[in-house]
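Here's the structure, in structure tokens; my notes come after.
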Amino acid sequence: MAVYHADAIVIRSREYAEADRILTIFSREHGKLQVIAKGVRKPKSRQRGGTQLFTYADFLLYQGRNLDTVSQVSPKESFAHLWDDLERTMAATGMAELLDLAVLTGQPQPELFSLTLTFLFLLANYDPLLILSAYALRLLTILGFSPVLEECAECGGRVKGESLYFSPPAGGIVCDLCLENFPGRRLKAGSIAFMNRLLKNELAKLDRLRWPVWMQQEVRETIQSYCEQKLERPLRAWSIGKTLGI
Ligand SMILES: [Zn+2]
């Protein structure tokens, strides 16, 4: 039976049968995988720590007929800080949900793997909503859906003014003429400029960004609707976070 290693992050975990868990892991080498961890819910299971949500670990897996099975797991980072407060937990959950929906099973995405790991570490100290927003914009960019934020996404024309329109179907901001065919949500020019910084700033500089509450709401809603448009699926964790005021 073939055995293989996966350097991976647990992005989804659900209970299965008496004491098992079915995990969705995102690995550096193999992309997204669904695996089963048998007996892991028993109190004495040695794999318990390594199979918790968000854990980064080295997995030893053996191929099964349907699901591959976790043979051994050696945790490298448990990201305990993500459970310290609800905002961080929700941000990490939003990242995991987005990643799970955005990638297909078994397709390696090394750049996205590095991005995800880095941003989970950043969640220790940085503003959680800011990290979630920057992560989403950068994930979309890696997947070829970088939003157009500096000119009209449709005609390439100049877009100016205090208020701009972001059209998810067009893939970015649109000018007044293109707005007729590509309806968009209105938001302040400052929010678009801020999204541009979230997308392009060096990571070390993200920590210096400050944004007022109205901008947090505008940016969050714009990114969510754009992600949902591109992925053609609702982001449930993002919506729950919103109702909790996070
Ligand atoms: Zn236009």
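Evaluate the charge dipole of region 81-243 about its Cα centre and quote only its size in Debye, nearest 20, assuming +1 on the Cβ of each Lys and Arg and -1 on the Cβ of each Asp and Glu.
Once rounded to the nearest 20, the dipole reads 220 debye.
Taking LYS188 as the anchor, which lysines have their alpha carbon closer than 16 Å to its alpha carbon, excluding any fewer than eight residues away along the same chain?
Here the lysines satisfying the reach criterion relative to LYS188 are LYS160.
Give me the distance between the Cα centres of region 1-67 and region 190-219, rounded to whole Å.
So the separation of the two Cα centres works out to 35 Å.
With +1 assigned to the C-beta of every Lys and Arg and -1 to the C-beta of every Asp and Glu, and no other charges, what is the dipole magnitude of region 3-78 about the Cα centre in debye, to the nearest 20?
With only Lys, Arg, Asp and Glu charged at Cβ, the dipole is about 240 debye.
At a 10 angstrom cut-off on C-beta neighbours, averaged per residue, how do the peptides 232-240, 27-35, 97-105 rank from highest to lowest?
The most tightly packed comes first, giving 27-35, 97-105, 232-240.
In deg cm²/dmol, rounded to 500, what helix-only [θ] at 222 nm does the chain give when every DSSP H run of at least 4 residues adds -39500 (n - 2.57) and the total is split over its residues?
-11500 deg cm²/dmol
Using the structure shown, select from LYS32/LYS76; LYS44/LYS76; LYS38/LYS76; LYS200/LYS230; LYS32/LYS242 the pairs with a Cα to Cα distance greater than 23 angstrom.
Checking Cα-Cα distances, LYS32/LYS242 exceed 23 Å.
Would you list, by chain and number, the aspartates and glutamates whose Cα falls below 17 Å from the Cα of LYS205, excluding same-chain residues fewer than 8 positions away?
Cross-link targets: ASP127.
Collect residues whose amide H, placed 1.01 Å from N in the peptide plane, falls under 5 Å from the amide H of SER13; neighbours closer than 5 in sequence don't count.
Hits under the 5 Å cutoff: THR24.
Quick one: net charge of VAL159's neighbours, Cβ under 15 Å, K/R +1, D/E -1?
Counting the neighbours of VAL159, the net charge comes to -1.
Please give the length that would be gained between GLU111 and SER239 if that part of the chain were fully extended, namely 0.36 nm times their separation in residues minus their C-alpha to C-alpha distance (nm, one decimal).
43.4 nm
Rule-based calculations on the coordinates, nothing more; no lab input. In this text, all values refer to a predicted model and were calculated from it rather than measured experimentally. Glycine also receives a Cβ, built like all others from the backbone with ideal geometry; neighbour counts cover every protein chain displayed.
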